[in-house]
Amino acid sequence: MSLLTGLDRLAKNPELAKGWGRCGLVSNQASTTADFVPAWKILNDNTYCELMTLFGPQHGFESTVQENMIESDHSTHIPTGLKVYSLYSETREPTEAMLSQVDTIVVDLQVTGCRIYTYKYTLAACLRAANKYGRKVVVLDRHNPLGGVCIEGNVLEAATKSFVGEFEIPIRHGLTMGEAAKLFNLEISAELEVVSLDGWDPTKLWSQYQRPWVLTSPNLPILDTVYMFPGMVLLEGTNISEGRGTCLPFLFIGAPYIKDSRDLIERTKKLVPRHCLDGFEFRPTSFMPAFHKWHDEVCEGFQLHITNPERILSYRFAVGLLRSFIELSEGSFEWRQPPYEYDYKSLPIEILIGSKKLPQLLDSKSFNLEDDCWYAGVNEYIDHASKVLLYDREMKHEQY
């Protein structure tokens, strides 16, 4: 299927940049056209605007920094000689000094389709800076690799806001980057322009387009990791290995305290609704992370093999999996302790799942994966999001 991102459209029609003036570009290595021309080159070659400054999000302008809470330094971009300001440094928001030569902040970042990803909140920070200092934000829209129809998980509670979850949206939110900008801007009120997609079908996933995946961050190297990410990222709030430190993060799952991988798989299958087990197969295995949790220790668990991305519903699968680990760990399962993304008080699982209540339910005798609480607030979110959709569709929660 043919699809043009906002950057692809700008490359074909440079005049779209008329009126942008002096630009600062927020991008990373995934910010390319379909034939791998980087966004910085498209803007630098554009005669209708002037590229003055570059900005990088978490993991750096070149997406080389592996871990969370490892800040990137400001630097100089060798091909252009331009200053690269890190927006994951002493500041998350462009300062007035950083914007001194900028009229328009151009944002070209690929979303993953999951609430728990900082690039959307870097976008929100740019909107706030633009509103504060009288600048404009242009978003070169990029499609959601998980499509724009299926919604998963509970809506973020205000008490758990963080840099991985700033707005009250569900874990699998169904928005493009441009639509997220419009939703956030209902609160921020910056001057905003979106260069829209051409040819995107919200019912389709990334793999249904003839477009290569460029890793958006070091632990999302291939599409299969992206498809499982909205659920498997919850494991970051535990002492379970989510596969960081292996070649297949978010696909290798396990821990040294699991005695038999087959017991873990069978227990999970009993807990999780059948329709949340489609789209992938379990393969019992052992693995040894080279870094991160349980590095150099053998973990018992499984590898997830993707068979049908369109059927994957990773969130409630992940919740049932967490319960399985709790039940089979014989007391060895633990919640990861703070800090997480610069929150030094909340449990990381509370930040990740977006609730103070739900982690307690995971531990309780009354655990029930069919309870409405696991997708609380979704209907209200769908009504709210419908005000900003740029591409016609009807969003639906996986429960329905």
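Can you run the Rg to Rh ratio on the chain? Use alpha carbon positions and the Kirkwood inverse-distance Rh. Walk me through the numbers on the way to the answer.
Working: Rg = 20.8 Å, Rh = 21.5 Å.
Rg/Rh for the chain comes to 0.97.
Amide H of His74: which non-local residues (sequence gap of 5 or more, or other chain) have their own amide H closer than 5 Å, using H built in the peptide plane?
Distant-sequence amide H within range of His74: Ser86.
Go through the range 181-194 residue by residue and turn each phi into a ³J(HN,Hα) via Karplus (6.51, -1.76, 1.60, θ = phi - 60°); whole Hz please, and just put x for glycine and proline.
4, 5, 5, 5, 6, 4, 8, 8, 6, 7, 6, 9, 10, 10
Would you please calculate the Kirkwood hydrodynamic radius of the range 6-212 over all C-alpha pairs and express it in Å, rounded to one decimal? Before the final figure, lay out the partial values.
Numbers: mean 1/r = 0.0583 Å⁻¹.
About 17.1 Å for the range 6-212.
Test of understanding: ordering Tyr342, Tyr121, Tyr88, Tyr391 by Cβ neighbours within 10 Å, fewest first, what list do you get?
Working: Tyr342 12, Tyr121 25, Tyr88 21, Tyr391 17.
Ranked by crowding around the Cβ, least crowded first: Tyr342, Tyr391, Tyr88, Tyr121.
Spelling out what I want: for every residue of the range 371-382, take phi, set θ = phi - 60°, compute 6.51 cos²θ - 1.76 cosθ + 1.60 (Karplus), and round to whole Hz; glycine and proline get x.
Karplus values, whole Hz, x for Gly and Pro: 5, 4, 4, 6, 9, 5, x, 5, 4, 5, 4, 4.
Would you please give the residues with an amide H less than 5 Å from that of Phe280, counting only those at least 5 places away or on a separate chain, with H modeled from the backbone geometry?
Under 5 Å from the amide H of Phe280 lie the amide H atoms of Thr307, Asn308, each far enough along the sequence or on another chain.
First check a/c for the range 240-285, with a ≥ b ≥ c the square roots of the eigenvalues of its C-alpha gyration tensor; if it is under 1.5, answer rounded, and if not, answer prolate when a/b is larger than b/c or oblate otherwise.
Working: a/c = 2.31, a/b = 1.34, b/c = 1.73.
Judged from the Cα gyration tensor, the range 240-285 comes out oblate (a/c at least 1.5, b/c at or above a/b).
Express in whole angstrom the spacing between the alpha-carbon centres of the range 86-128 and the range 191-252.
So the two Cα centres are separated by 20 Å.
Under a plain spin-label model, where a point goes 7 Å from the Cα along Cα-to-Cβ, how far apart in nm are Ile78 and Val37?
Roughly 2.3 nm, to one decimal.
Quick one: which of 55-65, 33-43 comes out on top by average Cβ neighbours within 10 Å, and what's the full order, highest first?
Values: 55-65: 22.0, 33-43: 18.4.
In descending order of packing, they fall as 55-65, 33-43.
Can you put Phe367, Phe163, Phe252 in order, fewest other beta carbons within 10 Å first?
Working: Phe367 17, Phe163 20, Phe252 25.
In order of increasing Cβ crowding within 10 Å: Phe367, Phe163, Phe252.
Could you calculate the FRET efficiency of Gln360 with Glu191 from 1/(1 + (r/R0)^6), where r is the beta carbon distance between them and R0 is 45 Å, rounded to 0.05? Intermediate values should be presented prior to the final figure.
Details: r = 43 Å, r/R0 = 0.95.
The computed FRET efficiency comes out at 0.55.
Going by amide H atoms built from the backbone, whose H comes under 5 Å of the H on Glu50, apart from near neighbours?
Gly21, Arg22, Cys23
Using +1 at the Cβ of each Lys and Arg and -1 at the Cβ of each Asp and Glu in the chain, identify which of Pro145, Thr64, Thr268 lies farthest towards the dipole's positive end.
It is Pro145.
Over all directions, average the projected area of the Cα convex hull of the range 223-363 and note it in nm². Provide the component values of the computation, followed by the final result.
Working: hull surface 31.9 nm².
If you wrap the Cα atoms of the range 223-363 in a convex hull and average its projections, you get 8.0 nm².
Among Ser324, Gly254, His305, which residue has its Cα furthest toward the positive end of the charge dipole of the range 223-363, with +1 on Lys/Arg Cβ and -1 on Asp/Glu Cβ?
The residue sitting farthest along the positive end of the dipole is Ser324.
Highest mean first, what order results for 23-31, 131-139, 73-81 on Cβ atoms within 10 Å?
Working: 23-31: 24.4, 131-139: 19.6, 73-81: 12.0.
With the highest mean Cβ count within 10 Å placed first, the list reads 23-31, 131-139, 73-81.
What is the packing order of peptides 112-118, 180-186, taking the mean over residues of other C-beta atoms within 10 Å and listing the highest first? Intermediate values should be presented prior to the final figure.
Values: 112-118: 24.6, 180-186: 21.4.
Highest to lowest by the protection proxy: 112-118, 180-186.
Using a 10 Å cut-off around each Cβ, can you sort Thr91, Thr307, Thr5, Thr122 from fewest to most neighbouring Cβ atoms?
Details: Thr91 14, Thr307 11, Thr5 28, Thr122 23.
The order, fewest Cβ neighbours first, is Thr307, Thr91, Thr122, Thr5.
Using the Cα centre as the reference, give the magnitude of the dipole from point charges on the C-beta atoms of the range 6-212 (Lys, Arg: +1; Asp, Glu: -1; all else neutral), rounded to the nearest 20 debye. If you can, show how the numbers build up before the last one.
On the way: 19 positive and 25 negative charges, 41 e Å.
Here the size comes out at about 200 debye.
Rounded to the nearest 20 Debye, what is the dipole magnitude of the chain about its Cα centre when Lys and Arg each give +1 and Asp and Glu each give -1 at the C-beta?
Values: 39 positive and 52 negative charges, 51 e Å.
The calculation lands at about 240 debye.
Through the Karplus equation 6.51 cos²θ - 1.76 cosθ + 1.60, θ set to phi - 60°, convert the phi angles of the range 75-88 into ³J(HN,Hα) values in whole Hz; use x for Gly and Pro.
Running phi through 6.51 cos²θ - 1.76 cosθ + 1.60 with θ = phi - 60° gives 8, 10, 7, 4, x, 10, x, 7, 6, 10, 8, 7, 9, 9 Hz.
Values quoted throughout were computed directly from the atomic coordinates according to the rules given, and no laboratory measurement underlies them. Remember, predicted model here, so these are calculated numbers, not experimental data. When we count neighbours, we look across all protein chains shown, and the Cβ atoms used for this are built from the backbone with ideal geometry, even at glycine.
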